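This report concerns only the one structure given below.
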Amino acid sequence: MKTLSHKIQQIEESQTLAFTQRARQLQQSGIDVASLTAGEPDFATPPHIKMAAIQAIDEDFTHYTENQGTAGLIAAIVKKFASDNNLHFEPPQILVSCGAKHSIYNVMQAICNKGDEVVIAAPYWVSYPEIVKMADAKPVIVEASHDAQFKITAQQLRRAINEKTKAFIFNSPSNPTGAVYSQGEIEELADVVAETGIYVISDEIYEKIVYDGTKHFSIGSIKEIRDQVITVNGVSKAFAMTGWRLGYLGAAEQVAQAAAKVQSQITSNATSISQRAAEIGLKGPMKDVQEMAGEFKRRRDFAVAEMSSIHGLKLCAPKGAFYLFPCMEHFAGKRLNGKIIKDDFDMANLLLDEEHLAVVPGSAFGARNHLRLSYACSMKDLQKGMERFKRGCRKLQEAH
């Protein structure tokens, strides 16, 4: 048998999906597992969006659409970008894809050549470096520390850029940390982008989930770098539509059309039914979105309070998204049941095997000795998960 692709052999499996799958397998075997792995809201998709999909099926709107997306959805996206983000696009600058992840993949394939470098701030979403590798480019990781609230500075960005740098992937609010950059911090990063001429891929999928009066600010609204910014968003998180697989981007027409060319050869259009539903979601009332964000804040407040009682654990309270990203460095190196708990992978496996709690190792996000816990689950599951997390931490505290 011939060998597999060398490129694919260098791609890491998503640890989020891997630990989620392990949790499901244990659940299927009858074990009560509390899973805080997946970034998936436990809410139902709002009723008016579901009805739009049903109507689309009843009307036989079930065939190919334009590769770029339906005219109605593109018009809704243009209006949304203008009203929510102060981003002003024409329809040819929009591309609708099969999820925000697909949008990022299309862009990377469209802009990168072999040997190009793409700057990524760590902690990062697990897929960023792997999507860069699939475009034959090189991820350049810039570490944002816990003490800096997981945000990089303009000086760090400038030091990471050289003649090979093609782009910077920017994510605020952040998965996995919940960090949200202020307008001032973003403007400082934008100065570097303007000086260097690089692209910015701005992943804004969590923009509607922010807390404590925090404001989301789109880097693409800064006019000096408007044509350098590719803004990516979607309906998965804000509208609880993860399974509908619908994302979109806005960019300079040359970039958007190049990404559309990639998509035309990979998937063609996003699902017709999902496009009709997303159009109604973007045009419709935001009451459900606001209520979900309010509930996420309630869960965040509960989980942060629970974690604050754990001696040795460090936590930055998230300002957005729905993840906790505690630093577990204090517990590394402890010996428990005859085994040394070396790092976050050992901690995650310990919690799953002994406490039946599924979390994701921070190393998957570029931050060793951290863990990511999602509070997108129900409050009941979150309470169960926090109880098991605290119990596991107590065991590590008592270990030698």
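A few remarks follow.
- Any hit, region 386-397, residues being closer than 30 Å to residue 141 by Cβ and either charged (D, E, K, R) or touching a Lys or Arg at 6+ places or on another chain (Cβ under 7 Å) (or both): yes
- Hey, residue 135 touching a helix residue (DSSP H, G or I) at 6+ places or on another chain (Cβ under 9 Å), of a type in the set (A, V, I, L, M, F, W, C), within 18 Å of residue 197 (Cβ to Cβ) and not assigned by TED's automatic domain parsing to the domain that holds residue 14 or not: no
- Annotation: of all residues in region 246-268 being outside any helix (DSSP H, G or I) and under 21 Å from residue 79 (Cα atoms), the one that is nearest to the chain's Cα centre (by Cα) is 247.
- Considering region 183-205, and only residues there that are outside any loop (DSSP other than H, G, I, E, B), among the β-branched types (Val, Ile, Thr) and within 19 Å of residue 107 (Cβ to Cβ), the residue that is nearest to the chain's Cα centre (by Cα) turns out to be 201.
- Checklist (1) free of Cβ contacts under 8 Å to residues at least 12 places away in the same chain; (2) over 23 Å from residue 12 (Cα atoms) applied to residue 342, failing item: (2)
- Cβ pairs under 8 Å, 6+ apart, first in region 102-121 and assigned by TED's automatic domain parsing to the domain that holds residue 205 and under 13 Å from residue 233 (Cα atoms), second among the basic types (Lys, Arg) and in a loop (DSSP other than H, G, I, E, B): 102/245
- Residue count for region 135-147, restricted to those that are outside any strand (DSSP E or B) and surrounded by 17 or more Cβ atoms within 10 Å (Cβ to Cβ): 4.
- Within region 273-297, the set of residues being surrounded by fewer than 18 Cβ atoms within 10 Å (Cβ to Cβ) and either of a type in the set (Ser, Thr, Tyr) or outside any helix (DSSP H, G or I) (or both) comprises 284, 285, 286.
- Search result, residues across region 298-334 that are of a type in the set (Lys, Arg) and surrounded by fewer than 16 Cβ atoms within 10 Å (Cβ to Cβ): 298, 314
- Residue in region 223-240 that is farthest from the chain's Cα centre (by Cα), counting only those that are surrounded by fewer than 24 Cβ atoms within 10 Å (Cβ to Cβ) and farther than 30 Å from residue 197 by Cβ: 240
- When restricted to residues that are closer than 30 Å to residue 173 by Cα and assigned to a helix (DSSP H, G or I), region 310-354 contains 12.
- Region 199-215: number of residues that are buried (at least 19 other Cβ atoms within 10 Å of the Cβ) and either farther than 21 Å from residue 116 by Cβ or free of Cβ contacts under 8 Å to residues at least 60 places away in the same chain (or both): 10
- Region 51-91 - residue that is acidic (Asp, Glu) and part of a loop (DSSP other than H, G, I, E, B) and, of those, nearest to residue 246 (Cα to Cα): 66
The values are calculated or read from the model by the stated rules, or taken from the named source; none is laboratory data. Please read all numbers here as calculations on a predicted model, not as lab measurements. Note that we place each Cβ from the backbone using ideal geometry, even for glycine, and neighbour counts take in every protein chain shown.
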